[in-house]
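Structure record follows, encoded as structure tokens.
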Ligand SMILES: NC(=O)c1ccc[n+]([C@@H]2O[C@H](COP(=O)([O-])OP(=O)(O)OC[C@H]3O[C@@H](n4cnc5c(N)ncnc54)[C@H](OP(=O)(O)O)[C@@H]3O)[C@@H](O)[C@H]2O)c1
């Protein structure tokens, strides 16, 4: 496979790093020249990763193309490029629908959407693929779990999960900050938090029949300190606010991903 990337930023860097650290790294990679620094450093690190002169040169030399520019510039960037019918295109641009991408890159016939995450660099996490696509499932399957979905609305809903990562770290940081204020050394607090949260992250796999609230209840001993925090956060509407935030992200993703209708229709 000759794999080309249009847009060489954080996500492209993570995918290339993951691919090149896998045992089977037979995929040759051609990067578009922006971001220059990231493209140059990947080409320096891996012998079969090269940097093209421009975006069109990526298309002209590759059979499989990943679109990895930001949504705000995607229309302008893609409009200036000549795609071939036989290009196999994977859009990583979560907020543009497959139909919209297909219209921008005509006459391409094979368009798939994929949502990998930066942890793919370490071959961890999961990539959502829509619609199911054997070739892409095999490629991303080397870099972590793959979840293939038929329904674009399921793809959009699953995408919302990825909006919660920063808040997860803020949650841990709140605990960390609190511990430091209470005299616990920074490194010790950090080490304790990551060790116990790693163990908690394993709990759903070690008890696969338990739902998340079953696990919550296991920890929320009646009258105990876990029950207290859960009750106080619940009555403080923290979880309702969180769910509302998920709704807001979903509206944003669905609006962006909906096929555009002409002003007259
Ligand atoms: N990062 C994530 O966690 C993540 C996860 C899922 C999906 N995505 C999606 O993946 C896409 C890329 O995200 P990202 O985080 O990798 O963004 P990013 O780090 O900003 O990378 C985008 C790259 O596009 C380059 N670029 C700008 N103009 C260009 C042009 N005309 N032609 C070619 N490349 C151009 C930028 O170069 P300059 O730096 O020189 O401007 C930048 O390196 C986005 O659509 C995003 O929504 C990202």
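No lab work stands behind these numbers, since they all come straight from the coordinates. In this text, all values refer to a predicted model and were calculated from it rather than measured experimentally. Quick reminder, even Gly has a Cβ in these numbers, built from the backbone with ideal geometry, and neighbours come from all protein chains shown.
Taking the chain as a Gaussian network of alpha-carbon nodes connected by springs under 10 Å, the highest mean-square fluctuation of the residues 25, 237, 35 belongs to 237.
Comparing mean-square fluctuations of 71, 152, 47 from a GNM of the chain with C-alpha springs under 10 Å, the top value falls on 47. Contact order for the chain, expressed relative to its length and based on alpha carbon pairs under 8 Å spaced 6+ residues apart, stands at 15 percent. Ordering of 75-86, 57-68 by packing is 57-68, 75-86, highest average first (other Cβ atoms within 10 Å, averaged per residue). The C-alpha atoms of the chain define a longest principal axis, and helix 36-45 lies at about 90 degrees to it.
Looking at the chain alone, DSSP beta bridges between its own residues are antiparallel in about 10 percent of cases.
To the nearest ten degrees, helix 238-257 and the longest principal axis of the Cα atoms of the chain are 10 degrees apart. Each part reduced to its alpha carbon centroid, region 120-160 and region 58-98 end up 18 Å apart.
Arrange the peptides 123-129, 215-221, 101-107 so that the one whose residues have, on average, the most other Cβ atoms within 10 Å appears first. Walk me through the numbers before you get to the answer.
Values: 123-129: 19.1, 215-221: 13.6, 101-107: 16.6.
Listed from highest to lowest mean packing, they are 123-129, 101-107, 215-221.
Divide the volume of the convex hull around the Cα atoms of region 2-150 by the residue count and you get 97 Å³ per residue. Helix 152-161 and the longest principal axis of the Cα set of the chain meet at an angle near 50°. Each of the peptides 156-166, 170-180, 202-212 was scored by the mean count of other Cβ atoms within 10 Å over its residues; in descending order, highest first, they stand as 156-166, 170-180, 202-212.
For the chain, the alpha-carbon radius of gyration amounts to 1.18 times the rule-of-thumb value 2.2 N^0.38 Å expected for a compact globular protein.
Largest GNM mean-square fluctuation among 26, 153, 91, using the chain with Cα springs under 10 Å: 26. The Cα center of region 24-55 and the Cα center of region 171-211 differ in position by 38 Å. Working note: Cα gyration tensor of region 43-113, eigenvalues times five, square-rooted, sorted largest first, giving semi-axes of 21, 14, 12 Å. Take every Cα pair under 8 Å whose residues are at least 6 apart in sequence, average their separation, divide by the length of region 83-182, and the relative contact order is 19 percent.
Please compute the alpha carbon radius of gyration of region 157-218, then divide it by the globular-protein estimate 2.2 N^0.38 Å. Two decimals is fine. Walk me through the intermediate numbers first.
Working: Rg = 14.2 Å, N = 62, 2.2 N^0.38 = 10.6 Å.
Taking the Cα Rg and dividing by 2.2 N^0.38 Å, one obtains 1.35.
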